[in-house]
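S.K.: One structure, as structure tokens, below. Some questions next.
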Ligand code: AHM
Ligand code: MG
């Protein structure tokens, strides 16, 4: 049996595409992959290591934290803060940017992450994941300020996720397509298994939390109602629904076989124009989806072009197979202009 292309080998070979690259980025991504392996190991051990259940704390978003949220957040901070490749980190689980320890050089990259997305699913054995986004620091060599992280998603140097599912996977893009790696447990290495992942333009599968139907805006309700009418409705065909409730797992399925994912604007809380966070959920996923040939909008705007206003900003998210995303975006834009 041959090992195949390991993640480390792939990162180094891809880095050669950038003349003059110092190797900092390759090292950074490798360190992040180690953190993801550690998190995956804790997720899979679960109750055996007392990792399931809620912690006694809440995060800045007012959400109850799971023990695994804290374990995962600490794992990434501690795997990355000594490297000298970063000048700052922002996490879903922390109010402001993490302060790097003293005595360590400040590097040229910023890391933004959701350490354990979908963590409400950990107690019931459903797939969860880590989402990450890497930006270039506007000023290298000093501690990053909050404003440094407020860059539109088009400026991401790299985006990706680790999936802790039936297999453990790491999927990322640096702007040369999307590649997926499966953890080979016998050697503890991610190995290239999903080369140049592509999302088909057409799909018959959609993902949305239907229980929010009454809260959606009219164009989204119209779109989903048309899908649900199947062969009897204007689309003239049946559609299938899947909703894992872990964005990483839902997006992974779309990267593997197509589909559309929606967490749209809804009317429940006017102060929250969506559930998902722009900087470390919507932007990295939108980058991956576009790199795989799909599309990602808020219903009215390309996600990657949004100028962020704050670190934990929320946005509506509609992403996946291009033709379906364009259709629902068109419905939203028609309503805005009428
Ligand atoms: P989290 O970051 O607190 O886990 O929340 C994000 C998750 C996504 O993974 C998922 O798509 C969504 O929340 C599910 O929300 P809901 O429970 O409303 O269906
Ligand atoms: Mg999340």
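Bear in mind these aren't lab numbers, they're just calculated from the coordinates by the rules spelled out. These numbers come from a predicted model, not from an experiment. Note that we place each Cβ from the backbone using ideal geometry, even for glycine, and neighbour counts take in every protein chain shown.
S.K.: Report the full-extension gain for the segment residue 49 to residue 256: residue separation times 0.36 nm, less the Cα-Cα distance, to one decimal in nm.
M.R.: 71.3 nm
S.K.: Using every pair of alpha-carbon atoms in region 7-194, split the distances into 5 Å bins beginning at 0 and state the percent of pairs per bin, rounded to integers.
M.R.: Distribution as computed: 1, 8, 17, 20, 21, 16, 11, 5, 1, 0 percent.
S.K.: Oh, and also: What is the packing order of peptides 94-102, 182-190, taking the mean over residues of other C-beta atoms within 10 Å and listing the highest first?
M.R.: 182-190, 94-102
S.K.: Calculate the translational D of region 205-337 in whole µm² s⁻¹ from Stokes-Einstein, where the hydrodynamic radius comes from the Kirkwood formula applied to all Cα pairs, the temperature is 10 °C and the viscosity 1.306 mPa s. Intermediate results must be reported in sequence, preceding the final value.
M.R.: Working: Rh = 14.8 Å.
Stokes-Einstein gives a translational diffusion coefficient of 107 µm²/s.
S.K.: Let me ask something additional. Whole Å is fine, so just give me how far the alpha carbon centre of region 1-77 lies from that of region 212-267.
M.R.: After rounding, the separation between the Cα centres reads 30 Å.
S.K.: Next up: Residue 8 versus residue 193, label points 7 Å from Cα toward the beta carbon: distance in nm?
M.R.: Going by the 7 Å Cα→Cβ label model, 2.0 nm.
S.K.: Also: Kirkwood hydrodynamic radius, computed over distinct alpha-carbon pairs, for region 46-96: how many Å, to one decimal?
M.R.: Numbers: mean 1/r = 0.0825 Å⁻¹.
Here the Kirkwood hydrodynamic radius works out to 12.1 Å.
S.K.: Further question on the same structure: State the extension gain, in nm to one decimal, for the chain segment bounded by residue 209 and residue 63, taking 0.36 nm per residue of separation less the distance between their alpha-carbons.
M.R.: This chain segment gains 50.7 nm when fully extended.
S.K.: Let me ask another. Taking all pairs of different Cα atoms in region 1-92, averaging 1/r and flipping that mean, what Kirkwood radius in angstroms comes out? Could you put the intermediate results ahead of the total?
M.R.: On the way: mean 1/r = 0.0649 Å⁻¹.
When all Cα pairs of region 1-92 are included, the Kirkwood radius is 15.4 Å.
S.K.: Relative to the longest principal axis of the C-alpha atoms of the chain, give the angle of the C-alpha long axis of helix 247-257, reported between 0 and 90° and rounded to the nearest 10°.
M.R.: 70
S.K.: Which angle between 0 and 90 degrees, to the nearest 10, do you get for helix 218-228 versus the longest principal axis of the chain when only C-alpha atoms count?
M.R.: 80
S.K.: Antiparallel DSSP bridges in region 7-194: what percent, to the nearest 5? Working shown, then result.
M.R.: Values: 32 of 37 bridges.
Bridges in region 7-194 are about 85 percent antiparallel.
S.K.: Which length gain, in nm to one decimal place, applies between residue 82 and residue 94 when the Cα-Cα distance is subtracted from 0.36 nm times their residue separation?
M.R.: 2.5 nm
S.K.: While we're here: With angles folded into 0 to 90 degrees, how steeply does helix 322-337 sit against the dominant principal axis of the chain? Use alpha carbons for both and round to 10.
M.R.: So the helix axis and the longest Cα principal axis differ by about 70 degrees.
S.K.: Give me the three principal axis extents of the chain from the C-alpha atoms, as integers in angstrom, largest value leading.
M.R.: Taking max minus min along each principal axis of the Cα atoms, the chain gives 63, 49, 46 Å.
S.K.: What nm distance separates the two modelled labels at residue 201 and residue 269, each placed 7 Å from Cα along Cα→Cβ?
M.R.: Roughly 3.9 nm, to one decimal.
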